[in-house]
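Before anything else, here's the structure in question.
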Amino acid sequence: MLNKILIPAAWVFIALVASIDVYFAIKLQSELYDNELNPIGRWLMDMDGGDVALFMAFKFLGTLIVLSGYPIIKSHFSIKWAHRYILIAAFLQFLLLMFLLYVK
């Protein structure tokens, strides 16, 4: 069950939450700089003249790196470590989703 349902679902969940995060960032871009708690995100917006495009590009790149980590870990280490990795990443995305929906 873990290989067939939970792991692919976790992978998709990570991508889905990242997409929701980017959606909110673009939708609320006029308020994002003032409300952004991530100093790196604010710095990226400063580097881009106050625009969110560079910040969104780095968010996308970060998600791509996280999602690419699963097959890399699976092929170079073990499936057990890859499963742990993707489940921890999905849990962290769950925490991000809760923050986006209930704290902000």
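What do you reckon, is Ala90 over 30 Å from Asn3 (Cα atoms), aliphatic (A, V, I, L, M) and either surrounded by 13 or more Cβ atoms within 10 Å (Cβ to Cβ) or more than 15 Å from the chain's Cα centre (by Cα) (or both)?
Taking the combined requirement at face value, the residue does not satisfy it.
Let me ask something else about it. Inspect all residues belonging to region 87-99 and state whether any of them is modelled with pLDDT under 90 and either touching a Leu at 6+ places or on another chain (Cβ under 8 Å) or farther than 14 Å from Phe13 by Cβ (or both).
Yes, that holds for at least one residue.
Just need a number here: residues in region 10-60 that are under 28 Å from Pro71 (Cα atoms) and among the hydroxyl-bearing types (Ser, Thr, Tyr).
Counting residues in region 10-60 that are under 28 Å from Pro71 (Cα atoms) and among the hydroxyl-bearing types (Ser, Thr, Tyr) gives 2.
A follow-up question, please. Only one of (1) under 17 Å from the mean Cα position of the chain (by Cα); (2) surrounded by 14 or more Cβ atoms within 10 Å (Cβ to Cβ); (3) under 30 Å from Lys4 (Cα atoms); (4) free of Cβ contacts under 8 Å to residues at least 60 places away in the same chain fails for Leu64. Which number is that?
So the condition that Leu64 fails would be (2).
The values are calculated or read from the model by the stated rules, or taken from the named source; none is laboratory data. This is a predicted model, so every value here is computed, not measured. Cβ coordinates were reconstructed from backbone atoms using ideal geometry, including for glycine residues, and neighbour counts include every protein chain displayed.
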